[in-house]
């Protein structure tokens, strides 16, 4: 695991209600408990500019999955876009400004962006 990550979200693991881990395959995982009791997992694979969101209820049943991608721009722009989007997404969840309501959580996020 000596490879440098395109994006690094380890600093978010220092925030209350967020757990961070990096897998041996260079996949970053953020686990967030939101204000309504949902458990939100963000999976960020390195080397491709996609990220995935899974929402679990209080009983750890998966109730929603979604994903998005960044494409078409030079790699430095893709990197900056994904870093900004994920940090903004996490911030909105923690502030209670973005909650899972049975629709697409990422569609709601990008609608207001």
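Points worth noting:
- Checked against (1) more than 19 Å from residue 18 (Cα to Cα); (2) touching a helix residue (DSSP H, G or I) at 6+ places or on another chain (Cβ under 7 Å), residue 48 passes all but a single condition, namely (2).
Yes or no, residue by residue, for (1) over 18 Å from residue 107 (Cα atoms); (2) modelled with pLDDT of 95 or more; (3) loosely packed, with under 12 Cβ neighbours inside 10 Å:
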| residue | (1), (2), (3) |
| --- | --- |
| 33 | yes, no, no |
| 51 | no, yes, no |
| 57 | yes, no, no |
| 61 | yes, no, yes |
| 84 | no, yes, no |
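- Filter pass, residue 66 being without any contact (Cβ under 8 Å) to a residue 12 or more places away in the chain and under 22 Å from residue 111 (Cα atoms): no
The values are calculated or read from the model by the stated rules, or taken from the named source; none is laboratory data. Just so it is clear, the structure is predicted and the values come from calculations on it, not from any experiment. With ideal geometry, Cβ positions are generated from the backbone for all residues, glycine too; neighbour counts draw on all protein chains shown.
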